[in-house]
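Enquirer: I have a structure I would like to understand better, so I am pasting it below and will then ask my questions one at a time.
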Amino acid sequence: MPTIDGTTGSLPSGRVAIIASRYNANICDAMVEGSIRTLKEAGVSEEHLWIIRVPGAWELCWAVEQAFQHPNVVGAVALGCVIRGETTHDEHINRAVSDTLMEQTVRTGRPVGFGLLTCNNVEQAIQRSGGTVGNKGEEAAEAMLEMLRLQAKMR
């Protein structure tokens with residue numbers, strides 16, 4: 001039985017939007033760098049990258065929606081970092097953003113790489129943005145690229 005996946009194949013022409021929070025800037029900047037590096041290594045040219053910065057994780061969904069209003073945007077990578085505090089605020093932000101990004105992917109048929117860190121503390125965030133656990137910006141970009149390749153094979 002044949003298997004179809006997006007680990008190989010060509011990418012569609014068009015723009016990729018990297019949408020990143022400015023909140024927890026050091027963490028998010030490291031994830032943006034990882035995403036850019038991953039996309040360039042996959043053959044996405046710099047002129048086809050669109051880096052969009054937003055205030056925080058809450059605003060990621062709005063910016064993805066705006067990016068997808070442009071017909072030449074084929075996919076997006078959403079990057080943010082929410083660190084648990086003294087209240088449950090983080091849980092509400094994380095759930096709303098996660099649900100909305102998934103809904104946008106399904107509704108538009110355009111993949112959104114999910115790079116929202118939901119950490120208990122700053123050290124966990126550091127380790128997930130280029131530390132011992134890897135760079136979730138790279139992983140989100142890789143997932144989005146794989147879905148673009150898979151989409152092309154399923155048409």
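Enquirer: Which one is farthest from the chain's Cα centre (by Cα) among residues in region 47-61 that are under 18 Å from PRO111 (Cβ atoms) and open to solvent by 60 Å² or more (accessible area, probe 1.4 Å)? Step through it out loud before you land on a result.
Expert: Narrowing region 47-61 to residues under 18 Å from PRO111 (Cβ atoms): 48-52, 60-61.
Now restrict to residues that are open to solvent by 60 Å² or more (accessible area, probe 1.4 Å): 48, 50-51.
Numbers: HIS48: 16, TRP50: 12, ILE51: 11 Å.
The extreme case among them is HIS48.
Enquirer: Can you tell me which residue within region 1-57, out of those that are touching a Leu at 6+ places or on another chain (Cβ under 7 Å) and among the small types (Gly, Ala, Ser), is farthest from LEU116 (Cα to Cα)?
Expert: Checking each candidate, the answer is GLY43.
Enquirer: Now for a different question. Exactly one of these conditions fails for THR87: (1) polar (S, T, N, Q); (2) open to solvent by less than 80 Å² (accessible area, probe 1.4 Å); (3) modelled with pLDDT under 95. Give me its number.
Expert: It fails just one condition, (2).
Enquirer: Just checking, which of VAL74, VAL44, VAL32 is more than 15 Å from LEU101 (Cβ to Cβ), in a helix (DSSP H, G or I), open to solvent by less than 40 Å² (accessible area, probe 1.4 Å) and β-branched (Val, Ile, Thr)? Steps first, please.
Expert: Values: VAL74 fails: in a helix (DSSP H, G or I); VAL44 fails: in a helix (DSSP H, G or I).
Answer to the selection: VAL32.
Enquirer: Which residue pairs have Cβ atoms under 6 Å apart, sit 6 or more places apart or on different chains, and have a first residue in region 138-149 that is in contact (Cβ under 8 Å) with a residue 60 or more places away in the chain and a second that is part of a helix (DSSP H, G or I) and of a type outside the set (A, V, I, L, M)?
Expert: Note: pairs meeting the criteria are GLU138/GLY34; GLU138/THR38; ALA141/SER35; ALA141/THR38; GLU142/THR38.
Enquirer: Then there's this: Does PHE114 satisfy being out of contact with any Pro (no Cβ under 8 Å at 6 or more places or on another chain), aromatic (Phe, Trp, Tyr) and open to solvent by 20 Å² or more (accessible area, probe 1.4 Å)? Walk me through how you get there before you give the answer.
Expert: Numbers: out of contact with any Pro (no Cβ under 8 Å at 6 or more places or on another chain): yes; aromatic (Phe, Trp, Tyr): yes; open to solvent by 20 Å² or more (accessible area, probe 1.4 Å): yes.
So PHE114 passes the test.
Enquirer: Within region 9-17, identify whether any single residue is crowded, with 18+ Cβ neighbours inside 10 Å and free of Cβ contacts under 8 Å to residues at least 40 places away in the same chain, and answer yes or no.
Expert: For region 9-17, residues crowded, with 18+ Cβ neighbours inside 10 Å and free of Cβ contacts under 8 Å to residues at least 40 places away in the same chain: absent.
Enquirer: Could you identify the single residue in ARG155, ARG149, ARG95 that is assigned to a helix (DSSP H, G or I), open to solvent by 60 Å² or more (accessible area, probe 1.4 Å) and among the basic types (Lys, Arg)?
Expert: Just a single option satisfies the conditions, and that option is ARG95.
The values are calculated or read from the model by the stated rules, or taken from the named source; none is laboratory data. Being a predicted model, the structure only gives us computed values, none of them experimental. For neighbour counting, all protein chains shown are included, and Cβ atoms are generated from backbone atoms with ideal geometry for every residue, glycine included. Note: accessible area is taken over every heavy atom of the protein model, side chains too, but ligands, DNA and RNA are not part of it. Shrake-Rupley method; radii C 1.70, N 1.55, O 1.52, S 1.80 Å.
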